[in-house]
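Chemist: Would you mind keeping the following structure in view while I ask a few things?
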Amino acid sequence: LVRFMRIATPTAALLAVATLVFFAAVDPFRREIGGLTVGELSVDGSKIVMSHPRLTGARKDGRAYVVNAVKAIQDVEHPTTVELKEIDGDIAMADDSRMRVNAATGLYDSVRQFLKLTQDVHLRSPSYDVTLATADIDFKSGVYRSDQPVTVVTGNGATIHADSAEARDNGAELTFIGHVRSTFAGETVTAPALGDLN
């Protein structure tokens, strides 16, 4: 066992270093992920851990999006998806304003151009501030949705609560579904259960 460990330990260390050099030099995932830039790389089993990743892309209407994170984790068996930690993003909206995106965790699918946000999700634009438990952002279609409770505070001070919500046309149209409750200028308005408010 001692003889085996004497050989195996330095061999494993050399393989780890060689793997890091390979990923740093060749960057085999760039073709899969597209506009991905990263800081330092490390290997944890079958997963590549990247510091300070930056994902960039553009929707079919030409509007750009940027997704930054403190850390990204990519499994070599699933090269088109990246797990993100401490997300801070910026998305161009239909009216050419910018929406700020923050979340504790998320999963980005480069083939579908789809970002699933989880934990402490906040979407901020000049028109509204949205707090959610989860949110799905489809960059191709410009549709954002959540099937979890949502709270929206608008620019004029109104507050809207609902069981779920969907935004279309890159945030130009908002739909709230289920137990919609709104407060306008100190007055509370409750919509019928499972009702929609556009």
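The values are calculated or read from the model by the stated rules, or taken from the named source; none is laboratory data. What you are looking at is a predicted structure, and each value in this text was computed from that prediction instead of being measured. Virtual Cβ from ideal backbone geometry, glycine too; neighbours counted across all protein chains shown. These area figures cover heavy atoms from the full protein model, side chains too; ligands, DNA and RNA do not enter into them. Shrake-Rupley method; radii C 1.70, N 1.55, O 1.52, S 1.80 Å.
Chemist: Would any residue of segment 70-94 have its amide N under 15 Å from a label point 7 Å out along Cα→Cβ of Gln119? List them or say none.
Modeler: Residues 70-73, 83-88 fall inside that zone.
Chemist: May I pose another question? By how many nm would the segment from Asp109 to Val76 grow when fully extended, if each residue of separation counts as 0.36 nm and the alpha-carbon distance is taken off?
Modeler: Difference between extended and current length: 10.5 nm.
Chemist: Multiplying the sequence separation of Ser46 and Ala133 by 0.36 nm and subtracting their Cα-Cα distance, what value in nm do you get?
Modeler: My answer for the length gained is 28.4 nm.
Chemist: Whole-Hz ³J(HN,Hα) for each residue in segment 147-156, computed from phi via Karplus 6.51 cos²θ - 1.76 cosθ + 1.60 with θ = phi - 60°, x for glycine and proline: what do you get?
Modeler: 9, 10, x, 9, 10, 10, 10, 7, x, 8
Chemist: Let me cross-check His179: its accessible surface, 1.4 Å probe, with only protein heavy atoms counted, in Å² to the nearest 10?
Modeler: 110
Chemist: On full extension of the chain, what length is gained from Ala158 through Lys140, given 0.36 nm per residue of separation minus the C-alpha to C-alpha distance?
Modeler: Working it through step by step, the gained length comes to 3.5 nm.
Chemist: Each residue of segment 91-98 in order: what ³J(HN,Hα) in whole Hz does its phi give by Karplus 6.51 cos²θ - 1.76 cosθ + 1.60, θ = phi - 60°, with x for Gly and Pro?
Modeler: With the stated coefficients, segment 91-98 comes to 10, 6, 9, 4, 8, 6, 7, 10 Hz.
Chemist: With the other protein chains left in place, how much accessible area per residue, in square angstrom, belongs to segment 45-162 at a 1.4 angstrom probe?
Modeler: Normalised by residue count, the accessible surface of segment 45-162 is 45 Å².
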